[in-house]
Amino acid sequence: MSTGNAALLVLLLLVVFAVIVIMRTVKIVPQQVSLIIERLGKFSRTLEGGLHFLVPFVDKVRASVDLREQVVSFNPQPVITSDNLVVNIDTVIYYSVIDSKSAVYEIANFIQGIEQLTVTTLRNVIGSLDLEQTLTSRDQINAQLRGVLDEATGKWGIRVNRVELKAIDPPRSVQDSMEKQMRAERERRATILTAEGIKQSAILTAEGDKQSQILRAEGSAQARILEAQGQSRAITQVFEAIHRGKPDQKLLAYQYLQILPQLARGDANKLWIIPSELTEALKGIGTALGGKDVEDPGDKWVDTGEVLPTAFDDTVLEDPVQALAEARGQAAGATAEAESHATASERRSRPYGRPAADSLEDQATNLHDSELDEEQGPPDKSR
């Protein structure tokens, strides 16, 4: 029984040893992963993605290196600018391993090496810039950092793809001063813009007032010119009419006596002075009533029978009877149309069987006839 147990134990040990040998012999490497293999403590080869076989208990996996691009963010680092201000800068590094052997054997910890190199390079770059240049020259700083890091990490088998300044934090007092400065600058710009707007508004208002005054003056001048032209034509026509009529002294004296009551009219006239021309006017009236005629017979107006042209010669008056007939016809048509519309609306609004109002045609005809009679007046019997 003891011999059987011993044989079973040996068989079990052989199975376990076989499994261990197989595990150490067969290696499946994932994609974008590199394995560093050492044989008896010395570098042997690098295994890429796929199925590989090793010599058990002779070949050993030293390190597994990820070949994908990596992103590492470092803690804020205090940096002094050229104007002696301390700013805290956060950096982000994008890198990838291009030589896994160098990354393992050239440096013990390449992440720590990149961090320290970034800090020292950043202090050198920022130390030559003031605060304003630091805040406005991120692209320049990123390019300088990437150039220095890529050159230094090349021998480590590391390629720095990109360097970014995540945050640049100046001191709190400087931030307050910058905010006050920016607030003052914005208020100044707002004040300038407001003043410019008021200026433009005043200029446009003044231009509008100027143009309106010019237009009003031009309109007033044209109105006065037209009024003066009209008065001139009226005076000319009156003057020509008077000279064509050849008025004598009698007519002038009569017109003068008609104007005298208008001179004395008014509540404010307490004293009325008789003009000296009154005696001449009375003398003319006396002559007209049968007194002695002192005028030159050659100056008396003589009716020659000549018909002088007037402004109303071309005016043709329509026959009142014909005009009345036409107006009645038009009124009858309009009344019929209105009555038809009214009848239709009544049919829609009032109930059936309700008596309609008086005839609209009769009312409209009577009203129109009365209006025409008032406008025409008594018929002209001379025609």
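Key figures for this structure:
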| read-out | value |
| --- | --- |
| Unmet criterion (only one of (1) over 30 Å from Ser96 (Cβ atoms); (2) touching a residue at least 60 places away in the same chain (Cβ under 8 Å)) for Ile36 | (1) |
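Conditions tested, residue by residue: (1) of a type outside the set (Lys, Arg); (2) in a strand (DSSP E or B); (3) surrounded by 15 or more Cβ atoms within 10 Å (Cβ to Cβ).
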{"residue": "Val87", "(1), (2), (3)": "yes, yes, yes"}
{"residue": "Tyr94", "(1), (2), (3)": "yes, yes, yes"}
{"residue": "Lys101", "(1), (2), (3)": "no, no, yes"}
{"residue": "Ile107", "(1), (2), (3)": "yes, no, yes"}
{"residue": "Ile111", "(1), (2), (3)": "yes, no, no"}
{"residue": "Glu115", "(1), (2), (3)": "yes, no, yes"}
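Rule-based calculations on the coordinates, nothing more; no lab input. Values in this document were obtained by computation on a predicted structure and should not be read as measured data. Positions of Cβ are generated from backbone atoms using ideal geometry, with glycine treated the same way; all protein chains shown enter the neighbour counts.
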